[in-house]
Amino acid sequence: MTNTTTGFVHGEDVELSGDFTVEGRRILTKIHLSVPVPDHFDAPEAVLEYDNVGDLKGPFKIDPDSVIGPDKLYLLLKNESGKNVTITGTVVPTLPSSLHQGDVRKQDSCLNTK
């Protein structure tokens, strides 16, 4: 992937939300999980990586290699066109355990351009 931008991700219960700016446009992420994250957390300097702005249109599926915690955020998302987007960062505070995508049954997410 060739383009990156830094933003913010917050996780609590069964929802992750993120806020990024790409080419002057605000990109809001909402990722809904079927199981809760071990505790609330922030990734204050999360990195969104993508090839083209058009690739940021969802919905997305969460790849099985995605991990949340204990100290890292790694989300590999694939849209309906097969384009990949990643969101990575450091989790603050450190979570008591990890949540792997294999633990997540509801695998949908949405990136909305504002």
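Tabulated results
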item: Other-chain or far-sequence residues with amide H under 5 Å of Ser66's (modelled H); result: Leu76, Gln101
item: Integer Hz, Karplus 6.51/-1.76/1.60 couplings in order for region 82-97, x for Gly and Pro; result: x, 7, 9, 9, 10, 10, 10, x, 9, 7, 10, x, 4, 7, x, 7
item: Heavy-atom accessible area ranking, 1.4 Å probe, most first, across Lys30, Lys57; result: Lys57, Lys30
item: Exposure of Ser17 as accessible area (Å², to 10), given a probe of 1.4 Å and all protein chains; result: 30
item: Projected label distance in nm at Asp13 and Ser97, using a 7 Å step from Cα toward the beta-carbon; result: 2.0
item: Phi-based couplings in Hz for region 58-68 (Karplus 6.51, -1.76, 1.60; Gly and Pro marked x); result: x, x, 10, 10, 8, 6, x, 7, 5, 9, 10
item: Förster-model FRET efficiency, 41 Å R0, Ser81 and His40, C-beta, rounded to 0.05; result: 0.80
item: Two-decimal Rg to Rh for region 1-61 - Kirkwood Rh, Cα set; result: 0.99
item: J(HN,Hα) series, region 45-50, from Karplus relation 6.51 cos²θ - 1.76 cosθ + 1.60, nearest Hz, glycine and proline x; result: 10, 5, 10, 9, 10, 7
item: Ratio of Rg to Rh over region 33-72 (Cα coordinates, Kirkwood Rh, two decimals); result: 0.99
item: Semi-axes of the equivalent ellipsoid for the chain, Cα gyration tensor, largest first, Å; result: 21, 15, 12
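The values are calculated or read from the model by the stated rules, or taken from the named source; none is laboratory data. Since the structure is predicted, the reported quantities are computational estimates derived from the model, not experimental observations. For neighbour counting, all protein chains shown are included, and Cβ atoms are generated from backbone atoms with ideal geometry for every residue, glycine included. Areas reflect the complete protein model, heavy atoms only, side chains present, ligands, DNA and RNA absent. Shrake-Rupley method; radii C 1.70, N 1.55, O 1.52, S 1.80 Å.
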